[in-house]
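Down below is the structure, laid out as structure tokens.
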Amino acid sequence: MAVRWLCSLFGKPFDGGKRMDNGSQHPSMVRLQEIQAEVAALGQQVCTFSGLQSDREYRRLERELTRLQMEVDQVETEGKAELQQARKRAAQEAEGLLRYLEENATHPSRLAIEELSQEAQRLVERGVVEPQRAGAAEISDELVDALQELVLRLTQVKTGGRVPLRKARYRALTRLCAVQDIIEGRARQQTLPLPLSEGTHAAVQRINQVMVQVSGARSQLVALLMGLSGRDSCAHLSRVLTELLVELDALDVSGNASVRNYRKRVVEEINGLLKHLDLEGEGDDTRRYDLAQNDSIRQIEAVRGRVAQLQGEVLRQGGAGEFTFRPKAELQSLLTHLDQVDTAKNPCIREARRRAVLELQAVITFLDLREALERRQPGPGEHPSHQAVWQVLASLSDLQAQVLGFDGKRADKSYMMLEELLTKQLLALDAVDPQGDQMTKVARKQAVKFAQNILSYLDMKTDEWEY
């Protein structure tokens, strides 16, 4: 595994196993092989390290690689070209890993992730942890909205496909989404009926006590996820919650449905907290942070692939002046399929699905407008302003075809040309005077929205978003 990581970074891996002419292996070559094995062992750790330069693990990896560099320099080559080449290769591998380690820890995207994480930490401390210590339990809508905004900003951080950056973004998103879920759970708890009276059943007193402990554990977990608790650990909190589950399971609540339901409610609350602790512990699982391996993403990509095929056929026929191919039924079916994709509350999967929906809807609206233009039969008494709106819509339809087929970047001349032409159509609509005609007012408003949607879609196609 480690050799594969090195190969991906440096091309052909170091071959320290070459023999000298006399058939026996030179001691210096043996030593270089040993060093290369140590470099390979560190390689996988470096290639999945997602922290910062200030982290203890970073300093350890840096120290080990620097040591290996020094040991490579100390290997005697005796002027032999083969040994010199082997030593050079080993030195390059150690140096390359050091450089890769530093690049990821100081990458602008990694620093952006850290900045957003610290912003979330400050929000949670002010809006959750400090009020909880003061005995307040209410969560403000402003806090909920601010956390959601941070989640969206995190999903927009570009990783360039780098595993360490993907991992760092995944961890930050997982923790922030867990905090969101816990806060929402606490808000739901406030709307539930009050705990049962202790006179209802002998077990109620202990269930109420457990509920108080769970409430405290909820706050502990939020503090842990946001790095605001130096004393507790996820493992310790997991043990505490598991012990509470065992204790609840041992309570005799037979014969009383209301007490059973109350206990069930508390058990579900504990299991929800344990789920977030499990996700925190699984952060090193590649299947978690590499969403290309996610089943939901694969479903979304399959739909996008089919939409691209249908769109290509629609545009080809349109270019030839024909529109006999109208796959709206299949497009609607694909839209239904996207609605059924499980996002597992993952903001990156949600965003990927949202974008796929917009791509699909863009093709549908293109077909709808084409059909409307073909069916249009203006009467002799049509208002001139209404006719002017339809002329703009015809131009927008042609521009939308170009936007659908656009596959460039924002720096391209064709992008700037499309943006300028769409803006001109908006200005043309703004210049239309309805002269009191209600139908023209409605049509102009819809046309403005349509033009803005095309501009937004063009912007989305070129923002280089990635999951």
Report summary line: Using alpha-carbon positions, the gyration tensor of the range 411-467 gives root eigenvalues a ≥ b ≥ c; with a/c under 1.5 called rounded, otherwise prolate if a/b exceeds b/c, else oblate, the class is oblate
Query raised in the report: Given 167/345; 409/449; 167/409; 167/275; 88/167; 424/449, which pairs have Cα atoms separated by over 21 Å?
Result: 409/449; 167/409; 88/167
Query - Mean Cβ count within 10 Å, highest first, over the residues of peptides 403-415, 262-274, 75-87 - result: 262-274, 75-87, 403-415
Requested in this report: Determine the calculated [θ] at 222 nm for the chain from helices alone, applying -39500 (n - 2.57) to every DSSP H run no shorter than 4 residues and normalising by the residue count; nearest 500 deg cm²/dmol.
Outcome: -25000 deg cm²/dmol
Query raised in the report: What accessible area per residue, rounded to a whole number of Å², is obtained for the chain using a probe radius of 1.4 Å?
Result: 53 Å²
Requested in this report: Would you mind computing, in nm to one decimal, how far apart the modelled labels at residue 53 and residue 73 are, each placed 7 Å from Cα along Cα→Cβ?
Outcome: 2.0 nm
Query raised in the report: Working out 0.36 nm times the residue gap between residue 336 and residue 376, then minus their Cα-Cα distance, what length gain in nm do you get to one decimal?
Result: 11.4 nm
Requested in this report: Give me the number: length gained by fully extending residue 460 to residue 148, i.e. 0.36 nm times residue separation minus the C-alpha to C-alpha distance, one decimal in nm.
Outcome: 110.3 nm
Query - Largest-first principal axis extents, alpha carbons of the range 320-407, Å - result: 56, 26, 26
Report summary line: Gyration tensor on Cα atoms of the range 128-182, a ≥ b ≥ c root eigenvalues, a/c under 1.5 rounded, else prolate if a/b beats b/c, else oblate, says prolate
Report task. Using only the Cα atoms of the chain, build the gyration tensor, take square roots of its eigenvalues as a ≥ b ≥ c, and label the shape rounded, prolate or oblate: rounded if a/c is under 1.5, else prolate if a/b is larger than b/c, else oblate. Result -> oblate
Report task. Calculate one ³J(HN,Hα) per residue across the range 304-315 by plugging θ = phi - 60° into the Karplus curve 6.51 cos²θ - 1.76 cosθ + 1.60, and present them in order as whole Hz with x for glycine and proline. Result -> 4, x, 5, 4, 4, 5, 5, 4, x, 5, 4, 5
Report summary line: Those trypsin sites (Lys or Arg not before Pro) from the range 338-406 that are DSSP loop and have at most 14 other Cβ neighbours within 10 Å turn out to be 345, 376
Report task. Round to a whole angstrom and tell me the spacing of the C-alpha centers of the range 39-110 and the range 237-253. Result -> 48 Å
Query raised in the report: Spin-label point model (7 Å from Cα, Cβ direction): what's the residue 92 to residue 390 distance in nm?
Result: 6.9 nm
Report task. On the protein heavy atoms, probe 1.4 angstrom, tell me the percent of accessible surface of the chain carried by carbon and sulfur. Result -> 49 percent
Query raised in the report: Using unit Cβ charges (K, R positive; D, E negative) and no other charged atoms, how large, in debye to the nearest 20, is the dipole of the range 405-456 about its Cα centre?
Result: 120 debye
Requested in this report: Subtract the Cα-Cα distance of residue 102 and residue 268 from 0.36 nm times their separation in residues, and report this length gain in nm to one decimal.
Outcome: 55.4 nm
Query raised in the report: Points 7 angstrom from Cα along the Cβ direction at residue 453 and residue 133: gap in nanometres?
Result: 5.0 nm
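The values are calculated or read from the model by the stated rules, or taken from the named source; none is laboratory data. What you see is a predicted model, and the numbers here were worked out from it, not measured in a lab. Counting neighbours? That spans all protein chains shown, and the Cβs are built from the backbone with ideal geometry, glycine included. Heavy atoms of the whole protein, side chains included, go into the accessibility calculation; ligands, DNA and RNA do not. Shrake-Rupley method; radii C 1.70, N 1.55, O 1.52, S 1.80 Å.
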